[in-house]
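Data first, discussion second: the structure below is written as structure tokens.
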Amino acid sequence: MREVLGGGSGGRPYAGRRRRRPHRAGQQEPPVEFTETRFPLRVERLALATNSGGAGRRRGGLAYLKEFRTLSDSYFLSVADRSILSCWGLEGGKAGQPFRVTVDPGGPRERVLPGLVDDEPIPAGTLVRVETTGGGGWGDPLEREPPRVVLDVIQGKVSVRAAREAYGVVLVTGPDDETHHDPDATQRLRSQLREARGPSPFFDRGPGYRRLSGRDHADVDFLEPAARPRQECPRL
């Protein structure tokens, strides 16, 4: 069985991305019913991955999450980009979630596979979780309209914790049992987050870039190009 997995596209200045899309035009994932009748596996979950799109005034598109259980001894192969380097966030937006494959999630043999895998043995009955790449966000997340954040939470695209920590939106449940935001508390929280954060960075390349480049300090990695210290190229 072979699948071409879709990922989330980036947020744009005039609109965010609300869903994933195939990496190439005209290619889509096969329906679950087709997969289960043709191959020895069972798809146990297929959904948009919460918090996978980079936070931003215009949120990055969500990745998708697929969990399947093999019904016979199998081998797994993956040829995937963006397993370490995330899709960048721009103009203050945050990077999206990188590609990730977890074998036996939550079990005694849980392990995360790299993006390039060839003939990884998967015993019968093993659960495999595939999370594709999320798009990068555009713009300062603290400027995203609170009603949009509330809708994201209701639809399961953003968690309550991320709404507070990434977007600075304080959620409350009204007498009608519906989720709303507290305007005064949201304004105070956003002011505190802005003061603690400082200037909004121009680029967010994600933690994978800093790990590979050896730059663990955001004050160097995220400066605008004109503000970065000049580095001499080594002679080869």
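The values are calculated or read from the model by the stated rules, or taken from the named source; none is laboratory data. Since the model is a prediction, treat every value here as computed from it, not as a measurement. Cβ atoms come from the backbone with ideal geometry, glycine included; neighbour counts cover every protein chain shown.
When segment 149-190 is limited to residues that are of a type in the set (Lys, Arg) and touching a residue at least 12 places away in the same chain (Cβ under 8 Å), the one that is farthest from residue 62 (Cα to Cα) turns out to be 190.
Within segment 175-199, how many residues turn out to be part of a loop (DSSP other than H, G, I, E, B) and closer than 24 Å to residue 50 by Cα? Residues that pass the stated criteria total 3. The residue that is surrounded by the most Cβ atoms within 10 Å (Cβ to Cβ), among those in segment 5-43 that are modelled with pLDDT of 80 or more and aliphatic (A, V, I, L, M), is 41.
Between 183, 146, which is surrounded by 13 or more Cβ atoms within 10 Å (Cβ to Cβ) and in contact with a helix residue (DSSP H, G or I) (Cβ under 8 Å, 6 or more places away or on another chain)? Just a single option satisfies the conditions, and that option is 146. Just one of the listed residues (71, 77, 142, 127) is at pLDDT below 95 and either more than 20 Å from residue 45 (Cβ to Cβ) or hydrophobic (A, V, I, L, M, F, W, C) (or both), and it is 77.
Taken across segment 109-126, residues that are more than 18 Å from the chain's Cα centre (by Cα), of a type in the set (Ser, Thr, Tyr) and within 28 Å of residue 196 (Cβ to Cβ) do not occur at all.
Selection of segment 47-66 for residues being surrounded by 14 or more Cβ atoms within 10 Å (Cβ to Cβ) and closer than 16 Å to residue 6 by Cβ yields 48, 49, 52, 53, 60, 61, 62, 63, 64, 65, 66. Only strands (runs of 3 or more DSSP E) whose full extent lies in segment 29-106 are considered here, and the ones with at least 1 residues that are of a type outside the set (A, V, I, L, M) and within 28 Å of residue 13 (Cβ to Cβ) are 64-70.
Of all residues in segment 116-125, none are surrounded by 13 or more Cβ atoms within 10 Å (Cβ to Cβ) and assigned to a loop (DSSP other than H, G, I, E, B).
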